[in-house]
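To start, the structure itself, in structure tokens.
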Amino acid sequence: MPALELRIAETMTPVPATRLRTLLEKPNAVVLRRNHVVEPEVLVEGMLREKLRVTCILAVDITHPPEPNAPKTTGPASLDEEDPDLIEQVQEDKDEFADRFAKGVEFFIATEKGPMLLYADFDELTSALTLFDAYERIARYQPAYLRLDQRSIGIGYGFREGLVVGIAGELPELRDEKAFASLSSLQDLDDVRAGRRMVRLPHAGIRYLQELLEGAGEWLDRNSYKSILGA
């Protein structure tokens with residue numbers, strides 16, 4: 001049966017690719033954070049919990065706190081007649097929290113070499129959930145599902161910080177002397193320069209991760225800056 005594949009970049013990107021990580025690593029700032037551990041509604045195997053956890057995060061820079069009631073910058077009467085740089089600046093000013101507040105999730109993934117931590121912004125979750133919609137569509141069409149199980153096709157979603165989530169069939173047993181003879185149509189071997197780690201979870205892991213992302217999205221949608229202290 002198809003399984004869940006997690007490909008993780010060996011090292012974090014030098015420059016944060018998410019708003020959440022940018023704020024958490026912001027220099028010369030005290031960052032207040034509120035965590036919420038997501039618990040799936042479905043019953044899961046203990047092994048899955050040991051391999052993958054998702055935590056919601058609300059984070060705010062309290063050294064330079066957001067000012068929700070601050071007067072907003074008034075834009076030009078006609079943006080079409082203004083300089084493009086000015087238009088971009090006006091659009092940025094519309095975000096009253098700028099880089100002072102962020103929300104998203106932490107992925108804790110256990111690999112053979114030890115645990116790894118990756119971040120994702122709240123706005124990435126909706127896009128990531130389309131992966132599971134695609135899987136459900138494929139599962140309803142037997143020929144396509146068979147190709148997925150045989151690794152003739154595969155589906156995946158890449159997060160900004162280097163985590164790639166994929167759904168595909170079981171990996172064939174690879175031996176050094178016949179490594180290329182037994183490969184499927186999908187990429188089963190990483191380029192040695194890729195610097196990625198692979199974690200494979202059983203079929204139940206597909207539903208498990210879907211529940212985690214759905215639960216995280218619902219919690220983050222209900223909570224924001226005003227509820228960071230638990231109010």
Does any residue in segment 210-230 that is within 21 Å of Leu23 (Cβ to Cβ) come within less than 8 Å, Cβ to Cβ, of a residue that is surrounded by fewer than 12 Cβ atoms within 10 Å (Cβ to Cβ) six or more places away or on a different chain, and which pairs are these?
-> Gly217/Thr126; Tyr225/Pro68
Out of (1) surrounded by fewer than 17 Cβ atoms within 10 Å (Cβ to Cβ); (2) basic (Lys, Arg); (3) at pLDDT 90 or above; (4) part of a helix (DSSP H, G or I), what's the single condition that is false for Arg21?
-> (1)
How many residues does segment 185-216 hold that are hydrophobic (A, V, I, L, M, F, W, C), surrounded by 15 or more Cβ atoms within 10 Å (Cβ to Cβ) and modelled with pLDDT under 90?
-> 2
Note down all Cβ pairs under 8 Å where the first residue falls in segment 1-12 and is free of Cβ contacts under 8 Å to residues at least 40 places away in the same chain, the second is surrounded by 19 or more Cβ atoms within 10 Å (Cβ to Cβ) and among the hydroxyl-bearing types (Ser, Thr, Tyr), and they're at least six residues apart or on different chains.
-> none
Do any residues in segment 14-25 that are in contact (Cβ under 8 Å) with a residue 24 or more places away in the chain and farther than 14 Å from Glu124 by Cβ have Cβ atoms under 9 Å from those of residues that are basic (Lys, Arg) and surrounded by 17 or more Cβ atoms within 10 Å (Cβ to Cβ), where the two are at least six apart or on different chains, and which pairs are they?
-> Leu23/Arg100
Collect the residues in segment 7-18 that are assigned to a loop (DSSP other than H, G, I, E, B) and either among the polar types (S, T, N, Q) or modelled with pLDDT of 90 or more (or both), keeping them in residue-number order.
-> Thr11, Thr13, Val15, Pro16, Ala17, Thr18
Of the residues that sit in segment 36-46 and are closer than 24 Å to Thr111 by Cα and in contact (Cβ under 8 Å) with a residue 24 or more places away in the chain, which one is surrounded by the fewest Cβ atoms within 10 Å (Cβ to Cβ)?
-> Val42
Note on segment 28-52: residues modelled with pLDDT under 90 and of a type in the set (Val, Ile, Thr) are Val42, Val44
Among what's in segment 217-231 and is within 18 Å of the chain's Cα centre (by Cα) and surrounded by 13 or more Cβ atoms within 10 Å (Cβ to Cβ), pick the residue that is nearest to Val31 (Cα to Cα).
-> Leu220
State all residues of segment 196-226 that are more than 21 Å from Gly104 (Cβ to Cβ), part of a helix (DSSP H, G or I) and among the charged types (D, E, K, R); if no residue qualifies, say none.
-> Arg207
If you check Thr55 against the conditions, is it at pLDDT 95 or above and under 20 Å from Arg7 (Cα atoms)?
-> yes
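The values are calculated or read from the model by the stated rules, or taken from the named source; none is laboratory data. Computed from a prediction, not measured in an experiment: that's the story for all the values here. Cβ sites come from the backbone with ideal geometry, for glycine too, and all protein chains shown count toward neighbours.
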